[in-house]
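The values are calculated or read from the model by the stated rules, or taken from the named source; none is laboratory data. Keep in mind the model is a prediction, meaning the values are calculated, not measured. For neighbour counting, all protein chains shown are included, and Cβ atoms are generated from backbone atoms with ideal geometry for every residue, glycine included.
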Amino acid sequence: MTLAELIPSLGVSLRAARLDADLWPASARWGEHGDLLIGGVRAGTVAAAHGTGVHLLDGADVRARCAAYAAGFGSDAVAYSARAGLTVGTGRWIAGEGLGCHVGSAAELRTALVAGFRPERIVMSGSGKSLADREAAYACGAALVVGTPAEIQAVIARAPAGQRVFLRVVPSAVGGRHVRYGFRPGSRSALAAVEALLARRDLRPVGVDCSAGHRISRFGAFENCLRDAMEFGARVYARHGLAIGAVNLGGGQAVPCASGDDGFAVAPFAARMRALMRLAADRHRMPEPRLTVSPGRSVTARAGVALHRVTSVTVVDGVLRAGVDGNLGCGPHVDCAGRHATALIGRVSPARALPASLTGEPPVRAGGTLTGSELPADTAVGDLIAIAGVGAYHGRGAGPTVLGVGDGVVRTLAARESWERLLQDAA
């Protein structure tokens, strides 16, 4: 018998050190009998009451991430990307911190408005905007990102007077290899796009929207993005006398999901980008634009924990392979597999830890396999598993129940769709 078995409270205290705040919500801690508490709520109690898979989202953690971005850039220069799981409840937390919102469709726009984001702080971006999406942006006064000649012509033809427009640019370091939506800065097509927008004098070209990519852990990609945007802005200023009002560096800041993953330091990032912006404006002898960002996963991912029951267990070549109920907490169109920290909850196991691989059930398209974790060798069917870092994998279509937690209170943010319906939709 181990010391942890003889003194159960010691076993809990030994496990507590494993809850890395970079991977788990800041409020997460071990409770009695190996239970996990998030926002003062017992995960085992939630699983019993709401079933599994289910997401818990720590509101205090989300607000803290918002505050970190606001401190670095100013709340008026930060907009949350709705692609990272916007619901009315999460939107209220984020809007309450003074942030704006980037949406990609009329449906996301409606959610943002109900959540309390002001229309002047909303930008509709994304490559898949339909006519109805753009019309919804026009109707409420949201800004619009345009990234193709066809989209520019559509906006010129139908946008109301005073419509705010951002031009999507693709940094040279990314080019056409990974991003197909946007103009290469300084190219003929980019300059022609500016001229087309200026030809309709009642539109308001307000800046450029530049995306460096996804899951970026180094500043260099954003520096390239900023440099290209400023050089493009200088050419536009010299040719047309138009000073770009804002440069949006987008999101894509890395979020560690498992031990050993790189993180991202927001405060040094903000200071570095602001300094480079000032230097570039001075060098090009142009007015300094506003520097903005639109983070998504880095605001909500670490606030979320998914709860699942184990449905099958095998050990193959020293790796514990477990099936879990539900599709790893995601809907059929959102892939949240990959590397995520996991933990057995509801009991303290004396067994040695094994590398673990989890597979969701039923196996709809986005199921995949989750790795980068460890679980006790005695993990069994029926055990409750917690998966960290999934706070950005809901809100886009059907998916699991999402529960907001804080101060010991549970609130429903999104209701679960039946898996039968998901399978029908995916078929």
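Could you list all residues from segment 117-129 that are of a type outside the set (D, E, K, R) and at pLDDT 95 or above? Working first, answer last.
First pass over segment 117-129, keeping only residues of a type outside the set (D, E, K, R): 117, 119, 122-128.
Result: 117, 119, 122, 123, 124.
I'd like to know if segment 235-243 contains one or more residues that are closer than 17 Å to residue 156 by Cβ and part of a loop (DSSP other than H, G, I, E, B).
First, pick out the residues of segment 235-243 that are closer than 17 Å to residue 156 by Cβ: 240, 242.
Next, from what is left, pick out any that are part of a loop (DSSP other than H, G, I, E, B): 242.
So far as segment 235-243 goes, yes, one or more of its residues are closer than 17 Å to residue 156 by Cβ and part of a loop (DSSP other than H, G, I, E, B).
Testing residue 288 on (1) without any contact (Cβ under 8 Å) to a residue 40 or more places away in the chain; (2) in the same structural domain as residue 355 (by TED's automatic domain parsing), one condition comes back false. Which one is that?
Exception for residue 288: condition (2).
For segment 194-211, what are the residues that are surrounded by 18 or more Cβ atoms within 10 Å (Cβ to Cβ) and assigned to a helix (DSSP H, G or I)?
194, 197
Quick grid of which residues meet (1) modelled with pLDDT under 90; (2) outside any strand (DSSP E or B); (3) among the acidic types (Asp, Glu):
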site	(1), (2), (3)
251	no, yes, no
257	yes, yes, no
267	no, yes, no
280	no, yes, no
306	no, no, no
310	no, no, no
321	no, no, no
356	no, no, no
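Conditions first: (1) acidic (Asp, Glu); (2) modelled with pLDDT of 90 or more; (3) part of a loop (DSSP other than H, G, I, E, B). Residue 374 passes all but one, so which condition is the exception?
Failed condition: (3).
Take residue 165 and decide whether it is outside any helix (DSSP H, G or I) and either over 20 Å from residue 90 (Cβ atoms) or not hydrophobic (A, V, I, L, M, F, W, C) (or both). Step through it out loud before you land on a result.
Working: outside any helix (DSSP H, G or I): yes; either over 20 Å from residue 90 (Cβ atoms) or not hydrophobic (A, V, I, L, M, F, W, C) (or both): yes.
For residue 165, the condition - outside any helix (DSSP H, G or I) and either over 20 Å from residue 90 (Cβ atoms) or not hydrophobic (A, V, I, L, M, F, W, C) (or both) - is met.
Is at least one residue of segment 212-222 exposed (fewer than 13 other Cβ atoms within 10 Å of the Cβ) and of a type outside the set (Asp, Glu)? Walk me through it before giving the result.
Pass one, segment 212-222, residues exposed (fewer than 13 other Cβ atoms within 10 Å of the Cβ): 218, 220.
Adding the requirement that they be of a type outside the set (Asp, Glu) leaves 218, 220.
Checking segment 212-222: at least one residue is exposed (fewer than 13 other Cβ atoms within 10 Å of the Cβ) and of a type outside the set (Asp, Glu).
If we scan segment 393-406, do we find a residue that is modelled with pLDDT under 95, of a type in the set (Ser, Thr, Tyr), over 18 Å from residue 36 (Cβ atoms) and surrounded by 20 or more Cβ atoms within 10 Å (Cβ to Cβ)?
Yes; the residues of segment 393-406 include at least one that is modelled with pLDDT under 95, of a type in the set (Ser, Thr, Tyr), over 18 Å from residue 36 (Cβ atoms) and surrounded by 20 or more Cβ atoms within 10 Å (Cβ to Cβ).
Limited to segment 149-169, what total is found for residues that are buried (at least 20 other Cβ atoms within 10 Å of the Cβ) and over 15 Å from residue 194 (Cα atoms)?
The qualifying residues number 1.
Name the pairs whose Cβ atoms lie under 8 Å apart, with the first residue in segment 192-205 and among the basic types (Lys, Arg), the second surrounded by fewer than 13 Cβ atoms within 10 Å (Cβ to Cβ), and 6 or more positions between them or separate chains?
204/162
Could you say which residue among 293, 315, 381, 364 is crowded, with 23+ Cβ neighbours inside 10 Å and either modelled with pLDDT of 95 or more or more than 30 Å from residue 276 (Cβ to Cβ) (or both)? Can you show your working first?
Working: 315 fails: crowded, with 23+ Cβ neighbours inside 10 Å; 381 fails: crowded, with 23+ Cβ neighbours inside 10 Å; 364 fails: crowded, with 23+ Cβ neighbours inside 10 Å.
Exactly one of 293, 315, 381, 364 is crowded, with 23+ Cβ neighbours inside 10 Å and either modelled with pLDDT of 95 or more or more than 30 Å from residue 276 (Cβ to Cβ) (or both), namely 293.
So, in segment 112-148, of the ones that are β-branched (Val, Ile, Thr) and crowded, with 20+ Cβ neighbours inside 10 Å, which residue ends up farthest from residue 293 (Cα to Cα)?
The first filter runs over segment 112-148 and keeps only residues β-branched (Val, Ile, Thr), leaving 114, 122-123, 145-146, 148.
Okay, now just the ones that are also crowded, with 20+ Cβ neighbours inside 10 Å, so 122-123, 145-146.
Numbers: 122: 13, 123: 12, 145: 14, 146: 17 Å.
The selected residue is 146.
Among the residues of segment 69-89, which ones are more than 25 Å from residue 113 (Cβ to Cβ) and surrounded by 19 or more Cβ atoms within 10 Å (Cβ to Cβ)?
The first filter runs over segment 69-89 and keeps only residues more than 25 Å from residue 113 (Cβ to Cβ), leaving 71-72.
If the condition is that a residue be more than 25 Å from residue 113 (Cβ to Cβ) and surrounded by 19 or more Cβ atoms within 10 Å (Cβ to Cβ), then 72 is the only one that fits.
Applying the selection to segment 223-248, what residues are under 12 Å from residue 211 (Cα atoms), crowded, with 24+ Cβ neighbours inside 10 Å and out of contact with any helix residue (DSSP H, G or I) (no Cβ under 6 Å at 6 or more places or on another chain)?
225, 229, 248, listed by residue number.
Restricting to segment 178-193, and then to whatever is part of a helix (DSSP H, G or I) and within 30 Å of the chain's Cα centre (by Cα), can you tell me which residue is modelled with the lowest pLDDT?
178
Which members of segment 22-73 meet the condition of being touching a helix residue (DSSP H, G or I) at 6+ places or on another chain (Cβ under 7 Å) and hydroxyl-bearing (Ser, Thr, Tyr)?
27, 69
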